[in-house]
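The values are calculated or read from the model by the stated rules, or taken from the named source; none is laboratory data. Predicted model only: the values in this text are computed from it and were never measured. We place every Cβ from the backbone using ideal geometry, glycine too, and count neighbours over all the protein chains shown. Side chains included, ligands, DNA and RNA excluded: accessible areas come from the protein's heavy atoms. Shrake-Rupley method; radii C 1.70, N 1.55, O 1.52, S 1.80 Å.
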Amino acid sequence: MFMAGQYWHPMFNVRSYPGTVSFNTGVPFQPFTRNPQIRFNQQFGLFNVTATALWQLEFTSNGPIGSSYTYQVNAAVPMFNLRFEFYSKNEGNGNEFLAGVSANYKMILPRLQTDSSYKTSSTIGTFGFSGYYKMKLKPITLKLNGFVGSDAHDLVMLGGYAVKEITDPIRNFVKYTPTMTSAFWIDLHTNGKRFQYGIFAGYTKNHGPMEQLMEEPESYIRGSDIDHVYRISGRLIYNKNKFRLAPELEYTVAAYATEYGKPLEIVDSKEIANFRVLIGFYYFF
């Protein structure tokens with residue numbers, strides 16, 4: 001199968017994503033981005049392989065001029081994703097089983113010239129890996145997802161990159177290094193037609209720069225002062241004909257840095273909590 005156009009990033013699996021009422025859909029624990037792309041999919045019985053070339057548009061990397069797709073345009077290299085997946089569905093009882101892994105590569109070029117007007121070509125190549133699992137039975141549905149990668153800013157997650165060193169002070173040539181991020185979430189809900197109960201839990205960790213940084217480095221990182229974040233949310237969904245009422249309680253904790261060791265490496269933090277109440281009203285037609 002061949003597909004071209006604007007669609008979800010392969011790391012956001014449309015068959016298995018958090019069922020939260022909140023529109024955050026598991027962010028920042030779940031990669032969440034849509035991209036212009038060319039996608040090829042080949043089926044081998046219950047297995048399928050998907051190869052995708054993507055470009056940034058709305059969900060972008062960070063850099064010297066802020067969040068922009070310009071940095072990937074500068075590099076002139078699309079993102080590449082390769083996904084292996086197993087999917088089985090029993091048409092008789094509706095049971096589903098899904099498992100897969102995905103690998104992603106991205107290259108960006110933050111600057112075409114330095115502040116001293118010298119041409120520069122210092123690029124950053126980064127990788128991301130994810131694995132997912134879904135089991136749908138008549139009474140319940142269980143979903144799991146894990147991610148680890150570098151410079152996950154364009155995936156609406158923690159992460160980015162920073163200047164590692166100045167290689168030429170006169171011409172202001174620099175080298176960069178990305179920060180590492182890991183994330184995990186679990187979602188469990190019942191499958192009743194009238195009432196559905198669900199719970200979501202997610203955790204993400206900022207592992208800091210992949211290499212030693214210079215003192216007081218220039219950085220382009222989402223959540224550089226956050227060590228970790230976790231969230232627990234519970235929801236109730238009530239369906240009546242074409243109407244749905246869905247209250248959700250959400251408890252989120254972010255640990256902000258109180259002490260650094262090496263540059264941008266958090267050694268101590270303080271947790272700040274937030275409690276949110278949400279009620280969704282739906283009419284399906």
Descending semi-axes in whole angstrom, ellipsoid equivalent of the range 96-238, from the Cα gyration tensor: 42, 15, 11
Over the Cα atoms, compute the radius of gyration (one decimal) and Dmax (the largest Cα-Cα distance, rounded to a whole number) for the range 142-212, in Å. 19.3, 69
Considering only protein heavy atoms and a 1.4 Å probe, what is the carbon-and-sulfur percentage of the accessible area of the chain? 61
Expressed as cubic angstrom per residue, what is the convex hull volume of the alpha carbon set of the chain? 138
Charge-dipole axis of the chain as Lys and Arg at +1 and Asp and Glu at -1 on Cβ define it, positive-most pick from L109, S121, Y197: Y197
Give the calculated FRET efficiency between F243 and A103 to the nearest 0.05, with a Förster radius of 30 Å applied to their Cβ-Cβ distance. 0.10
Candidate residues F129, F281: accessible-area rank, largest first, probe 1.4 Å: F281, F129
Once Lys and Arg get +1 and Asp and Glu get -1 on their Cβ, which of S22, V253, A183 lies farthest toward the positive end of the dipole of the chain? S22
Expressed per residue, the solvent accessible area of the chain in Å² (1.4 Å probe) is about 51
At a 10 angstrom cut-off on C-beta neighbours, averaged per residue, how do the peptides 226-239, 35-48, 246-259 rank from highest to lowest? 226-239, 246-259, 35-48
Mind ordering 200-206, 114-120, 132-138 by average Cβ neighbours within 10 Å, highest first? 200-206, 132-138, 114-120
How much net charge surrounds Q72 when only other residues with a Cβ under 10 Å from its Cβ are counted (Lys, Arg +1; Asp, Glu -1)? 0
Can you compute the helix-only [θ] at 222 nm over the chain? Use -39500 (n - 2.57) per DSSP H run of at least 4 residues, normalise by all residues, nearest 500 deg cm²/dmol. -500 deg cm²/dmol
Relative contact order of the chain, defined on C-alpha pairs under 8 angstrom at six or more residues apart (%): 14
